[in-house]
């Protein structure tokens, strides 16, 4: 989803020691020494050929070698094209030639060290985000302190129409879900090359947040993920967090993008746009992206789509779950207390308004006759009572907004996040997969009270960089990395190393529990909050395109 919490880029260090270097085939990679944390950074390494010209709108072509000589790996590569520019991103720091990967390791790591690898996929609604803004130095430093050092890997993937083409033509040309293919290519690169950095290709844990988590859970449906990773951590995102449709649903979205590309505008409705788009220059492509986003098509116009037999998403995830068609790798999955607040229109003021927005979100081209009944049933399960709404645990406070805001936020949070996390975990646990669930409830200081513990607010704690200096917050910034690192290195969050912390029980069919992550009260609770509401949502997943 939207990237709401950004981490500061790696700080500029005044003291730079001798630059680390490794042999990479016939190339010498020269990285950046980070003496403050005793770490080596190798950044901006191409993992795929530039997706330009004839390679635009095609699956990535894995780049297995670099030119002989020296490669400067001391700076991050450019971000992929996007109009929502987090972290002060400027047009000059964006490029279509953006498929690069970054490796952060403890200084002195030997080639034969075989350290576990944590592979991060960022969020951003599938149309924004880039790897550079995630500073993993504290995370890696904590791994060393606790005696279980890890290597951290981040990468960039294509965004918007270049990463998630929509429409019939994209389907015909096999050009759907290209960003997912970028993610797989980056994981394949890790398999081929992480050993040169001292990593163990057989001990890769994939983790991500929001869109990054959604993408990673999708890989558990129909991809070679079991040969590329051994475990996963999903933060606020499951396969069907957003309703899934076939690519034809957003034909108009694709047309608006093409119409904004000056040299291709006349072909927008022709059903034959790829040839022209591959000939356009990057400036024109960016113009098309800007025009499409400015048109306000919908909240998330570019996202994964059902790509049919042999694809990443052959059918609705709920259908695949019933067939047992999913990867059986251990995982952690969780959500934040108030996931829905960030996506709720603060001006919503009536039941009719909620109804209409849900109809617009969930209606395919043919209006399903049961949708209206399902929405009305949902509204009944979530009454207009402020004390029951989100942000939760705020009583009758409405923050100067209509009470329907809290009601809508509760519905969206459960419909998109909490119910899907629960369904995914119940499905996997029933199949015998070791799983661990969390609910992040750490109060967020300095944010809008109307957002509560909102989507993305856990990221700073995972990366050990909270803004809030309170004892509770600082404790959580150590607890979460310890749980995450423990899982990545031992396949259990309870390795007994590092910071002393509460035992985190496995989620099983006979013990459906989540750990509440809160610096003032980290404790195990039953996974039965809003049980009736989420059971109703999950009882007929096809209605919600889950």
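The values are calculated or read from the model by the stated rules, or taken from the named source; none is laboratory data. In this text, all values refer to a predicted model and were calculated from it rather than measured experimentally. Counting neighbours? That spans all protein chains shown, and the Cβs are built from the backbone with ideal geometry, glycine included.
The requirement of being closer than 17 Å to residue 212 by Cα, within 22 Å of the chain's Cα centre (by Cα) and in contact (Cβ under 8 Å) with a residue 60 or more places away in the chain is fulfilled somewhere in the stretch 322-332, by at least one residue. With respect to the conditions (1) surrounded by fewer than 20 Cβ atoms within 10 Å (Cβ to Cβ); (2) part of a loop (DSSP other than H, G, I, E, B), residue 360 falls short on a single one, namely (2).
For the stretch 413-432, give me the residue count where each residue is under 10 Å from residue 507 (Cβ atoms), in contact with a strand residue (DSSP E or B) (Cβ under 6 Å, 6 or more places away or on another chain) and buried (at least 24 other Cβ atoms within 10 Å of the Cβ).
1
What residue, of 492, 500, 536, is surrounded by 13 or more Cβ atoms within 10 Å (Cβ to Cβ) and in a loop (DSSP other than H, G, I, E, B)? Just one listed residue meets the conditions, 492. Criterion applied to 341, 408 was being farther than 30 Å from residue 503 by Cβ, surrounded by 21 or more Cβ atoms within 10 Å (Cβ to Cβ) and touching a strand residue (DSSP E or B) at 6+ places or on another chain (Cβ under 7 Å), and the one residue passing it is 341.
No other residue among 183, 168 is in contact (Cβ under 8 Å) with a residue 60 or more places away in the chain, surrounded by fewer than 22 Cβ atoms within 10 Å (Cβ to Cβ) and under 30 Å from residue 294 (Cα atoms) apart from 168. Of all residues in the stretch 18-40, none satisfies being under 20 Å from residue 129 (Cα atoms), surrounded by fewer than 14 Cβ atoms within 10 Å (Cβ to Cβ) and modelled with pLDDT under 90.
Pairs meeting the criteria (first residue in the stretch 482-495 and within 12 Å of residue 506 (Cα to Cα), second residue part of a helix (DSSP H, G or I) and at pLDDT 95 or above, beta carbons under 6 Å, at least 6 apart or on different chains) are 493/483; 493/486; 493/487. Restricted to the stretch 395-466, the set of helices (runs of 4 or more DSSP H) holding at least 2 residues that are touching a helix residue (DSSP H, G or I) at 6+ places or on another chain (Cβ under 8 Å), farther than 26 Å from residue 152 by Cα and touching a residue at least 40 places away in the same chain (Cβ under 8 Å) comprises 403-412, 419-430. Checking each residue in the stretch 503-524 for being surrounded by 13 or more Cβ atoms within 10 Å (Cβ to Cβ) and part of a strand (DSSP E or B) picks out 507, 508, 513, 514, 515, 516, 517, 524. Taking the criterion of being touching a helix residue (DSSP H, G or I) at 6+ places or on another chain (Cβ under 7 Å), under 18 Å from residue 131 (Cα atoms) and in a strand (DSSP E or B), the only residue of the stretch 43-68 that qualifies is 48. In the set 324, 311, 340, only one residue is under 18 Å from residue 123 (Cβ atoms) and either at pLDDT 95 or above or in contact with a helix residue (DSSP H, G or I) (Cβ under 7 Å, 6 or more places away or on another chain) (or both); that residue is 340.
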